Structures are given as structure tokens and as C-alpha cells.
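> Quick one: the structure is below, questions incoming.
The values are calculated or read from the model by the stated rules, or taken from the named source; none is laboratory data. Keep in mind it's a predicted model, so treat the numbers as computed, not measured. Cβ atoms come from the backbone with ideal geometry, glycine included; neighbour counts cover every protein chain shown. Accessible surface areas use protein heavy atoms only, side chains included; no ligands, DNA or RNA. Shrake-Rupley method; radii C 1.70, N 1.55, O 1.52, S 1.80 Å.
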Amino acid sequence: MSPQVRLVLTLHNHQPVGNFDGVFEAAYQDSYRPFLDVLEDYPHLKLTLHNSGSLLEWLEPNHPEYIDRLRGFVERGQIELLGGPYFEPILASIPRRDRIGQIQAYSQHLQELFGQPIRGMWMPERVWEQNFAADIVDAGIEYTIIDDSHFRAAGVAPEDLFNYYYTEEESRLLKVIPIAERLRYTIPFAGPEETISFLRELAERQPGAVAAFGDDGEKFGVWPETKKHVYEDGWLRKFFDALTENQDWIQVCTLAEAVDNTPPKGRIYLPDASYREMMEWVLFTPQQINYQEATKLAQQEYSDWPRLKQFVRGGFWRNFLVKYPESNEMYARMKEISGRIADLDASPISETHPHLMDAARTELYRGQCNCPYWHGAFGGLYLPHLRNGIYRHLIAADNAVEQLSGRTGRWVSIEAGDFNLDARKEVKLASDRLVAYLSPARGGHLYELDLRSTRVNLLSTLDRRPEPYHERVRVAAQQQQDDAPHFLGVDDHVLLKQADLDTKLGYDAWPRKSLVDHFLSETATLDDLWKCDGEIGDFVLGVYETKLRRSDSRVEAVLTRSGFAGEAPVTITKTIALDTQLGSQLEITYQLSGMSPGDQHRFAVEFHFAAMASGADDRYFYDHRGQQLGQLQSVLDLPPTERIGLVDEWLGVDVSLDLSSPTGIYTFPIQTVSNSEGGFELVHQSCAVVPHWQVVADAGGNWSVQIQLSLDTSAFQARLLAESAAT
């Protein structure tokens, strides 16, 4: 007799590239291992499981016993493994060649490791675009599982969401299974009886229906309070017991069994979408607030809202690249490297150096991991260590590309192109030691600075911007008790992990990058710069004309703009040079001209340094004598000096600014207020270093200064040598 309802339980376990080792370990101990402990006692219950490639890459060396144990589940048919793109990229964010390449590579690895052919895949963040179907099929996948909201948006009636469909693109057919939103909320947060009741109602209405659950495995032990709820209080055992007690009419099966034993409902073409919350988060803050208010009002005032809401949805995932320029910077860098690898792949080099090609491609794939490319309720783009992880692998891929291109010894290069995909040209200066990107159309900023040896982008910054949840911080702070450093605010979801967070909610009027050119009012203070006040010039975001100069040993970008400091005309010419004789140094020259003799201005150049952590004694500022000035979050107003340095001993990086004309220097941190699973917190994004001069024009109306930006990674190199000798 056919079962009255089939239940597919699908778990997606994932930890992003760049996450801390301790986070991986805690998730393993709190969720991944104990889930298998319980499942082992229920051999008749089946599960479909997806471990992301970045998680599996950590599990293999750190917990080989988990791999052996999982292999046993697979061999006895209790667990079906899902594939997918190896390092969990959003498919919309990577080229077609990399979609297919990542999916094929992970399927091959899983089959070699577990001996099971991979038929289905997990769709990262359930971000779907119709053109993916052909790529997924070309990569060897038969079916995938995505939210029922995608189907609702296509006009599918609620009663038709409990089976699978097939879709088509370029004559390729792909099976698509809807995830029941109701099950995502009852499992594991409601009592098991609520899920059984839902399934009973479904079985009575639609005998033979397929109900699919698909969600994060971290809900079972990692999310706040879930370890106690799921394991210590026994929710998971109670749930499995309930399924066992009702197995005469509930068949718990794998995705493969569901599609093999039931006919498809029919054909469907799905709109570009993700899960409901993701499509809300991608909206710009004002529109996100409007959307929230409008849907809340509709829910209150329209009795037929449940019927209408399936046709209401938010934005489009790709607009995260618009909402957050820092995400676009990573994306554009990734696309550039992917294109260069594709060019090499089409050349004889791919055959003569296959191992290096594979290494470059794998590093690229790691650099496509989705988590820091967007931001929702928690973390993501706001977590510096995740952004740094992406750049670490992209820079490693770029290093391999340069090696494959045959560059050896000391070299420099310069080129112009639309590197950040803004329809304007940028300038790329590169050498065997570093890579620098300039944006002439946006203030002539230095917006990326990569150190090849340490694989660090010192300009992986993040601007402060309004987020919808900031108002909750303000409201909660108003109710905070003076003697309570930790505070539950207006509801149980507003936890302030630090005091006075509301006072840290500043927003940036310009990108917090380097070579940001300021003319300040006479009364402007350090605090004004932190607040983006006190500016009287029009150079901060102005367009600079650019000339490139090159020789075999030296390249220069010469950027020029004529504008105003207040009402006074002035022209800035800044030259950024990279020379084989200078090593890891950028030589920066500022020439101010077109002024009247004797004109006086307060001129400042803003630098930012990211990836160097705050709050640690081995990360600090130092002066021209080498004397420590404080940790990297320090607010400093230094008297005239010709040198300031920053050290991160853990990274093995020493950065210094040497000034030909001594001057005062401001330093201050850029810190964002964002939400995490543990509450709202302050996150250090970068430290600002701002030399500021009192300029007096000479008889020719000119003034100039030279800045030497030195990037010393010798401590890192020494550590590598010591580690190599030890092994």
C-alpha cells in the first residue's frame, strides 16, 4: 500500500570560508556530531544531507571519524548526500563556467570520498534564476530543492506545493522540489505534534503527497538555545519517536526516493527569487522599512492577505552588489581573476602546468564563498574575518595566475580598465609584491591594496551606513539601566552586548578608503572627521583626470583635478608610483597649484587600514622613534611628526607612512553596529590615519609633499622560514 504522505528531511550544514577554527569546532560538537548520535538510534528513518565543501574541507583533517561514520550511514542507505557548488557560492554571483566547474568538482569529490553517485544538489541560500537550470544539468545534477515561495511567486496554488515539478532551460530538464515553509518554522521550534498534525491534514487532503523540509543544520544545536532544546530537552528524540509511531502512514524518505517513486506534478518556470527574508534584506534601508510597514499594515487590514501575500515579494539578490559597494569590490576582483584563469585554461599553459592551474582554480572557488558577499539579519559582509578570508584566496589565485603567466623576478605593471564594473576606468598598479587599485572617477581613491606574500587586502574596509535594525538599538538604549552593561531591550531579540552602542551609530558620507583628499574648515576637529563633518572642498568624491607613465622598472599614475577649497580655486596633482627598486612601497606625491601666493588651507589626506585587528597588545601604532602609541582602535591627535606606523604582529605586517613635511596626524577607528546571534555589537572595520597640514602657497601658488607608504612583511616571511625549518 502506498504511503499516505512522504516526508523528506533535508539538512544543510555549512561554515563559511575564513571562519574561525573554534566556530567550526563548536558547530561540530553542538550540532553535526550529536545529530548523527541521535539518528543512529533510528535506523529506519532516512535523511538527505548536504555538507558544504568548505565545511567538509575542515572536517576531513579535523574529524576523520565523522567522515568514516557518515560513510556508514551512506552505505546502508540511511543518508543521501547532496552535492552543489563546492564552496557554497551564490550561483548568480559567479560566471557560468565556475558554476559548472564547482558543481562537478564537488560531485566528484563526494563520490570518491563516500562511494555514492551524486544526483541532487543544495541551492546556496536558495537563490534561483531560471538560467541556472541548464548549468546545473550540464554539471550532472538531476534535481534540487528550493523554497515553496518561489513556486507561489510563479502562481502555484498552495494545495499544489506538495510534489515535485520539472523545469526547462535550453532543452535541459531539471527536477525542482518545493520546501514547505510551514515545516521550516515547526522544525525544530514547535512541538513534534504540530508537525504530525500538519502532515495528517495534508495526508487527508492529498494522499501520496510529498512534504519536504529543507533548512540549516545549525538550527539543531548552534542557533541560540537550540542545543538545550534539541538535545538536552530531547526535542529531536521526541520528533523521531513521533515519526516512528506514525510510520504506518508517514514514510520518511530521501529526495532520491521521492523523485524516483512519485510522478512529477508538471512543468514550472520559476521567477528569480530567494527565500522571503533574503528578498527583504536586499532592499535599500528606506525601501526595506517601507516594505516591512506596508506588509504589516496589509496583514492587519486585509482579511484576504493570506491569499494575496504570495504575489508580494521584495528585491533581487544581485542588488546586494549595488547596496554594498564593498561586496561589489570582492565580486569584481573575483570576476577579473576568473576571466584570467579562463584565458589561461584556453592556452597551452593548462596542459603544461595542470597542477598549478588546478591550484589557481581551487583558490578562486574558495574566494567565491557567498557569506561575506551579502548581509541580512546577522554577520555576513559585516564580519571582517570573512571578507579577509575571501581576499586571502583571491590573492592566492591571482599569485598563481601571475606565476602561470611567466612573470619572475622583480617586475611592475600598470593598466587602465573597468575593474570594478562601474562603467568608468580604474587604474591597476601591480608588482611581484603588491597590487593597488585606484578609482580616478571617485576621488582618486586607493580602494584596494593587496600584499601578495601575506595575501591580505589592507583596504578591505566597510563603510558605516544605516540599517533597519539600528532604530531598535536606539530604542533599547533609551530603556537601558545605567548599572546594566548587558541589556534586554524592547523585546527578547534586542540584546546589546556593549554599553552606549547608540552613540556609535555614525554614518559615512564618503568611502573610507585611502588617498581621500580633504580641505577642512579652520574649526574642524578629529571628531568632525569621524562624523564626516568640516569638509569645505570638492575633491573627496570628485573626478580626477589620469595619465599613466611606464618603463621597465617604474610605473606612475598621475591624477589631476581642479576644484575649490571653499571659494578658493586649487588644483591637486597626486602621483602614485611603483618602482622595482622601492620594494613593497608606494611613493605618493601631492602637488597643490593654482593658488594665490600666501593662500592658506587646511589640507588632509585620509588613509585607512583594514585586516589589522583592534583590541590586542600585539596590534599597535608607533611613532618615529618606534615607541608604541596604543592599540589600533586608539583615537590619537598627534603633534607634528614625520612618521607613523602600524603593526600587526599576528599577521606579520608593518605599515608606515613617512612624510616629507612633518605635520599633525589624527587616528580613529571605523566601527559598525551590527547584529549577531548573540546580540548587537560593535565591530572594528578599519583604522583611519589622517595627516593634516596647514598649507601656505609659495610665490608661485604651489605647495607639495611626498608620502612614502611602506609595507613590510619580513616578520611574516621569517615566520614561514621558521615553520618550514621546524618541519
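> Select the helices (runs of 4 or more DSSP H) contained entirely in the range 1-104, then report the ones holding at least 1 residues which are at pLDDT below 95.
Per the criteria, no element qualifies.
> Confirm whether residue 543 is open to solvent by less than 20 Å² (accessible area, probe 1.4 Å), out of contact with any Lys or Arg (no Cβ under 6 Å at 6 or more places or on another chain) and modelled with pLDDT of 95 or more.
No: the conditions fail for residue 543.
> Turning to a different aspect of this structure: Residues of the range 575-610 being without any contact (Cβ under 8 Å) to a residue 24 or more places away in the chain and in contact with a Leu (Cβ under 6 Å, 6 or more places away or on another chain), which ones?
Matches in the range 575-610: none.
> Out of the range 642-662, which residues are of a type outside the set (D, E, K, R) and open to solvent by less than 10 Å² (accessible area, probe 1.4 Å)? Give the steps one after another, and end with the answer.
Here is the first cut: in the range 642-662, the ones of a type outside the set (D, E, K, R) are 644-647, 650-653, 655-657, 659-662.
Correct list: 644, 645, 646, 652, 653, 655, 656, 657.
> Related question: Applying the selection to the range 166-180, what residues are of a type outside the set (Ser, Thr, Tyr) and surrounded by fewer than 17 Cβ atoms within 10 Å (Cβ to Cβ)?
168, 170, 172, 173
> Say we look at the range 83-124 and pick out the residues that are buried (at least 24 other Cβ atoms within 10 Å of the Cβ) and of a type in the set (Asp, Glu); which of these is farthest from residue 143 (Cα to Cα)?
Out of the qualifying residues, it is 98.
> Pairs, please: C-beta under 9 Å, at least 6 apart or cross-chain, first residue without any contact (Cβ under 8 Å) to a residue 40 or more places away in the chain and farther than 16 Å from residue 665 by Cα and in the range 611-635, second open to solvent by 30 Å² or more (accessible area, probe 1.4 Å) and small (Gly, Ala, Ser)?
Partner pairs satisfying both residue conditions: 619/613.
> Output the residues belonging to the range 684-726 that are surrounded by fewer than 18 Cβ atoms within 10 Å (Cβ to Cβ) and modelled with pLDDT under 95.
Listed by number, the residues that qualify are 714, 715, 717, 718, 719, 720, 721, 722, 723, 724, 725, 726.
> In addition: If you check every pair at least six apart or on different chains, which have Cβ atoms under 7 Å apart with a residue in the range 123-136 that is closer than 17 Å to residue 53 by Cα first and a residue that is open to solvent by 10 Å² or more (accessible area, probe 1.4 Å) second?
What qualifies is 126/275.
Yes/no per residue for (1) in contact with a helix residue (DSSP H, G or I) (Cβ under 7 Å, 6 or more places away or on another chain); (2) free of Cβ contacts under 8 Å to residues at least 12 places away in the same chain; (3) closer than 14 Å to residue 12 by Cα:
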position: 196; (1), (2), (3): yes, no, no
position: 199; (1), (2), (3): no, no, no
position: 218; (1), (2), (3): yes, no, yes
position: 221; (1), (2), (3): yes, no, yes
position: 224; (1), (2), (3): no, no, no
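> If you don't mind, there's one more thing I want to ask. Here are the criteria: (1) open to solvent by 20 Å² or more (accessible area, probe 1.4 Å); (2) farther than 29 Å from residue 66 by Cβ. Tell me which single one residue 196 does not satisfy.
(1)
> A follow-up question, please. List the helices (runs of 4 or more DSSP H) inside the range 266-364, counting only whole elements, that have at least 3 residues being in contact with a helix residue (DSSP H, G or I) (Cβ under 6 Å, 6 or more places away or on another chain) and either open to solvent by less than 20 Å² (accessible area, probe 1.4 Å) or among the basic types (Lys, Arg) (or both).
325-345
> Quick check: is even one residue across the range 54-65 polar (S, T, N, Q), closer than 26 Å to residue 143 by Cα and without any contact (Cβ under 8 Å) to a residue 60 or more places away in the chain?
no
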